[in-house]
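Take a look at the structure below.
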Amino acid sequence: MLSILRIIAALLFLEHGLSKFFGFPQPMAAPHPFTLEWFSGAIELAGGVLVTLGLFTRAAALIMSGEMAVGYFLFHAPHSFYPYINHGELAVLYCFVFLYLVFAGAGPLSLDALLWKGPRVSRG
């Protein structure tokens, strides 16, 4: 279930980056290079791909969680204390799902699990 949570959350997050840079699935105006929106799109795009594949999951999830925390406090929290009112529920949820992945790792169905397995020792 950990791997499924990771994949679904990352694919949903990836859509935000794809929209900003490629207009898919929802066309958006491309962000100006090196602006806050450009950096957030880059994190959503690169982080979404890495976490979907389960590659460098802990590091990518840490950056993604931080992006969501910053985004929440810069853009949502000033409007109201309550996430329901300030429309920040998704940012809070992403923040904590990605924070969970920092500590839980990618799960068994991931490139991390495939690449970073230690040598197997047979006990016979």
### Task
Please list, in chain and number order, the residues 5+ apart from PHE56 or on another chain whose amide H is under 5 Å from its amide H, with Hs placed from the backbone.
ASP112
### Query
Taking springs between alpha-carbon atoms closer than 10 angstrom, which of PRO31, PRO78, PRO108 fluctuates most in the Gaussian network model of the chain?
PRO78
### Task
Report, in degrees rounded to the nearest 10, the 0 to 90 angle that the Cα long axis of helix 89-104 makes with the longest principal axis of the chain.
20
### Summary
Helix 36-53: inclination vs the chain longest Cα principal axis, degrees, rounded to 10, gives 30
### Query
Roughly what angle does helix 57-71 make with the longest principal axis of the chain, taking Cα atoms, 0 to 90 degrees, to the nearest 10?
20
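Every number in this text was worked out from the coordinates using simple rules, so none of it is lab data. These numbers were taken from a predicted model, which means no experiment stands behind them.
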